[in-house]
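See below for the structure under consideration.
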Amino acid sequence: LSESYQKALEALVATTGSVAHVDDLPIGCEYEDNYPIDLEKSMFDRIERGDADKALEASDSYFEWMRETQSSSVMAVKLKILEFVLRAETLAYQSGGQTYRFNARDEYLPQIIEMSDFDQMKSWFLNKISEACKNILSKKEERSNSIIEQAKIHIRENFAKDISLDDVSRTVNISPYYFSKIYY
């Protein structure tokens, strides 16, 4: 759904009053031949869902790709892990799972610059990705629990009436489909 929405939004922005097909839209970025874009996309999809295990698996694979192919470009690897950590934390901020503090990341750049080997970089990178996932997941669980509590209150207050899934989901302002996914 998110990818479809993004493509529709791109089509809307790129066209003005004319019909456009998503394949006709300009592509935002090209990557060098061996760049693992699918792995990067998978990693951020999983981070966005708060799936720490799968996000760490993808992050580990991505880091190992850098170790194997970019070992002579240590500064580029450091910059990439910083980029990815900041991107993951931005997802956590946007989900409401983390409170943004302007100075909270002051130490990131000095820490990364001081790292002398790939094992230190990998450990720092995976730790930060894990934290972002946990913050995202925590907020999702908090929201789900709040919705379930609201639904329980509605059901308790209206148990004598003929209520349906649609009635309850409308009360908590989510679709019946989504409600049934989080409640059952």
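The values are calculated or read from the model by the stated rules, or taken from the named source; none is laboratory data. Because the structure is predicted, anything quoted here is derived from the model rather than measured. Neighbour counts are summed over all protein chains in view; Cβ atoms, including those assigned to glycine, are modelled from backbone coordinates with ideal geometry. Areas reflect the complete protein model, heavy atoms only, side chains present, ligands, DNA and RNA absent. Shrake-Rupley method; radii C 1.70, N 1.55, O 1.52, S 1.80 Å.
Observations on the structure shown:
- Extension gain, residue 103 back to residue 165 (0.36 nm per residue minus Cα-Cα distance, nm): 17.8 nm
- Between amide H atoms placed 1.01 Å from N, distances below 5 Å from residue 174 occur with no residue 5 or more places distant or on a separate chain.
- Student exercise, segment 76-133 dipole from Lys, Arg, Asp, Glu Cβ charges, in Debye to nearest 20: 200
- Length released on extending from residue 5 to residue 71, taking residue separation times 0.36 nm less the Cα-Cα span: 20.0 nm
- These residues, 175, 59, go from largest to smallest accessible area, 1.4 Å probe, as 175, 59.
- Subtracting the Cα-Cα distance of residue 33 and residue 113 from 0.36 nm times their residue separation leaves 26.0 nm of extension gain.
- Protein heavy-atom accessible surface, 1.4 Å probe, per residue over segment 32-181: 60 Å².
- Relative to its Kirkwood radius, the Cα radius of gyration of segment 64-132 gives an Rg/Rh of 0.99.
- Evaluating 6.51 cos²θ - 1.76 cosθ + 1.60 at θ = phi - 60° for every residue in segment 69-86, the Karplus couplings come out as 9, 10, 4, 7, 10, 4, 5, 5, 5, 4, 5, 5, 5, 5, 4, 5, 5, 5 Hz, glycine and proline recorded as x.
- For segment 21-125, fraction of C-alpha pairs farther apart than 20 Å, in %: 47
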